[in-house]
Amino acid sequence: MNSNLKGKHFLTCQDWTKEELDVVFETSFDLKDKFRKEISTRYLPDKTLFMIFFEQSTRTRNSMEAGMTQLGGHAHDLTEDKMQLSHGESAKDTAIILSRMGHGIASRNCFYGIGRQYLKEMAKYSSRPVMSLQDDVYHPFQGLADLMTIFEYFGKNVNGLKVTISWAYADTHSKPLSVPQTQILLFPRYGIDVTVAYPKEFPLSKEIVEQASRNAQVGGGRLNFTNDMDEAFEGAQIVIPKNWGGFGYYDVNDFLKNEAECKLEMKSSLEKYKNWICDDRRIHLADKNVRLMHALPADRGHEVTDKILDNPEISIVYDEAENRLHTAKAVMSLTM
Ligand code: CP
């Protein structure tokens, strides 16, 4: 595929202009259409992508690996324990070597205060494009799939669309800030009005909120914050109830110095907000045609009830998950 984006890293949507992102969306829709019609899209024949996962993944791993196969190439599914990374080999050496053997590197590293820096280090030394499969700050592939799904349901002109991103209770693990942060940065660039609701101990990162406000000014969207989940649901056309850890409450260096203590404090704050759930009562506060989105995996019965998540009149989470494949293929075929 001929593309001006060949060789460009994809670490955050923020590094890509709106025009570049529009090319990605156009390509994603075309790839989705061809996937449905079983038209071959072997745009990356014989090319190799190295994927390094420091954490678990279902959607990201499989959208990238299936995507590479469908584009005619191959993806290596690597984890830290399979590599000399587990004996301390540096991001620099790993990136230099893998980029000499293949055509792209992709990695997920969500450790707070570490992941983003790790990916930047790889990108600095790789001679091939480096893609973030999620870090502690950004989840760019998720943002693309989210916006593609919004375009499918609401059309390409999403000016003034009311989207609520709400913190919700979950007891599985402290999830990164990267999904809501990517959404608040990206959606207002397209004129979307975003409301973020969170308990006071679970803010997003200050720098990201400031950047998102600047994006909103340029893109024409609005960005509002509240500590009241009910208020955020009122009139919303899309609701995204999603847990995230209380990392943004701490200075990152303080967090790294006192990690065990901060995590205990986060756990204790979490238990105060078990009623932050997307349920029947709250969904009725939203617009009558409201849609539910979620990056998945969802913490069923905590973040959102089964009844809402499984209601096809409301929930579009499976389309959103499928669009991870089409957007992943678009970015890979344009950059590799
Ligand atoms: N939404 C998402 O990134 O899912 P995985 O963690 O399964 O990749």
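The values are calculated or read from the model by the stated rules, or taken from the named source; none is laboratory data. Just so we're clear, the structure is a prediction, and the values are computed from it rather than from any experiment. Reconstructed Cβ throughout: ideal geometry from the backbone, glycine too, with neighbour counts over all protein chains shown. Accessible surface is based on the protein model in full, side chains and every heavy atom, while ligands, DNA and RNA are left aside. Shrake-Rupley method; radii C 1.70, N 1.55, O 1.52, S 1.80 Å.
Selection of region 92-113 for residues being hydrophobic (A, V, I, L, M, F, W, C), over 14 Å from Leu11 (Cα atoms) and out of contact with any Lys or Arg (no Cβ under 9 Å at 6 or more places or on another chain) yields Ile96, Ile97, Met101, Phe111. For region 55-65, state whether one or more residues are loosely packed, with under 15 Cβ neighbours inside 10 Å and in contact with a Pro (Cβ under 8 Å, 6 or more places away or on another chain). Yes: one or more hits.
Would you kindly identify the helices (runs of 4 or more DSSP H) lying entirely within region 19-134 that contain at least 1 residues that are more than 22 Å from His326 (Cα to Cα) and of a type in the set (S, T, N, Q)? Let's see the steps before the verdict.
Values: elements: 59-70, 91-101, 115-125.
Output list reads 91-101, 115-125.
Does Ala328 satisfy being part of a loop (DSSP other than H, G, I, E, B) and either surrounded by 18 or more Cβ atoms within 10 Å (Cβ to Cβ) or within 16 Å of the ligand (Cβ to nearest atom) (or both)?
Values: part of a loop (DSSP other than H, G, I, E, B): no; either surrounded by 18 or more Cβ atoms within 10 Å (Cβ to Cβ) or within 16 Å of the ligand (Cβ to nearest atom) (or both): yes.
Taking the combined requirement at face value, the residue does not satisfy it.
Only a single item in (1) within 16 Å of the ligand (Cβ to nearest atom); (2) under 18 Å from the mean Cα position of the chain (by Cα) is not met by Arg300, and it is number (2).
Hey, among Lys47, Lys120, Lys124, Lys162, which residue is open to solvent by 10 Å² or more (accessible area, probe 1.4 Å), more than 13 Å from the ligand (Cβ to nearest atom), farther than 24 Å from Phe187 by Cα and in contact (Cβ under 8 Å) with a residue 60 or more places away in the chain?
Values: Lys120 fails: farther than 24 Å from Phe187 by Cα; Lys124 fails: in contact (Cβ under 8 Å) with a residue 60 or more places away in the chain; Lys162 fails: farther than 24 Å from Phe187 by Cα.
Every option except Lys47 fails the conditions.
Restricting attention to region 177-228, report how many residues are in contact with a helix residue (DSSP H, G or I) (Cβ under 7 Å, 6 or more places away or on another chain) and among the basic types (Lys, Arg). The qualifying residues number 2.
Would region 241-257 turn up any residue that is in a loop (DSSP other than H, G, I, E, B), open to solvent by less than 20 Å² (accessible area, probe 1.4 Å) and not small (Gly, Ala, Ser)? Before you say what the answer is, go through the steps one by one.
So the first thing to find is which residues in region 241-257 are in a loop (DSSP other than H, G, I, E, B), and the list is 243-245, 250-251.
With the extra rule that they be open to solvent by less than 20 Å² (accessible area, probe 1.4 Å), the set shrinks to 243-245.
Subset that is not small (Gly, Ala, Ser): 243-244.
Checked against the condition, which is being in a loop (DSSP other than H, G, I, E, B), open to solvent by less than 20 Å² (accessible area, probe 1.4 Å) and not small (Gly, Ala, Ser), region 241-257 yields at least one hit.
Residues of region 289-321 being free of Cβ contacts under 8 Å to residues at least 60 places away in the same chain and within 18 Å of Gln134 (Cβ to Cβ), which ones?
Once the filter is applied, which keeps residues that are free of Cβ contacts under 8 Å to residues at least 60 places away in the same chain and within 18 Å of Gln134 (Cβ to Cβ), region 289-321 yields His294, Ala298, Val317.
Residues in region 127-156 that are among the hydroxyl-bearing types (Ser, Thr, Tyr) and either surrounded by 24 or more Cβ atoms within 10 Å (Cβ to Cβ) or within 26 Å of Ile96 (Cβ to Cβ) (or both): Ser127, Ser132, Tyr138.
Residue count for region 31-44 under the criterion of being touching a residue at least 60 places away in the same chain (Cβ under 8 Å) and over 29 Å from Arg100 (Cβ atoms): the result is 2.
Within region 68-111, can you find the residues that are of a type in the set (Ser, Thr, Tyr), at pLDDT 95 or above and under 27 Å from Pro176 (Cα atoms)?
Taking region 68-111 as the starting set, the residues that turn out to be of a type in the set (Ser, Thr, Tyr) are 69, 79, 86, 90, 94, 99, 107.
Checking which are at pLDDT 95 or above leaves us with 69, 79, 90, 94, 99, 107.
Correct list: Thr79, Ser90, Thr94, Ser107.
Of the residues making up region 87-113, those that are open to solvent by less than 10 Å² (accessible area, probe 1.4 Å) and within 9 Å of Phe50 (Cα to Cα) are Ser99, Gly102, Gly104, Ile105, Ala106, Ser107.
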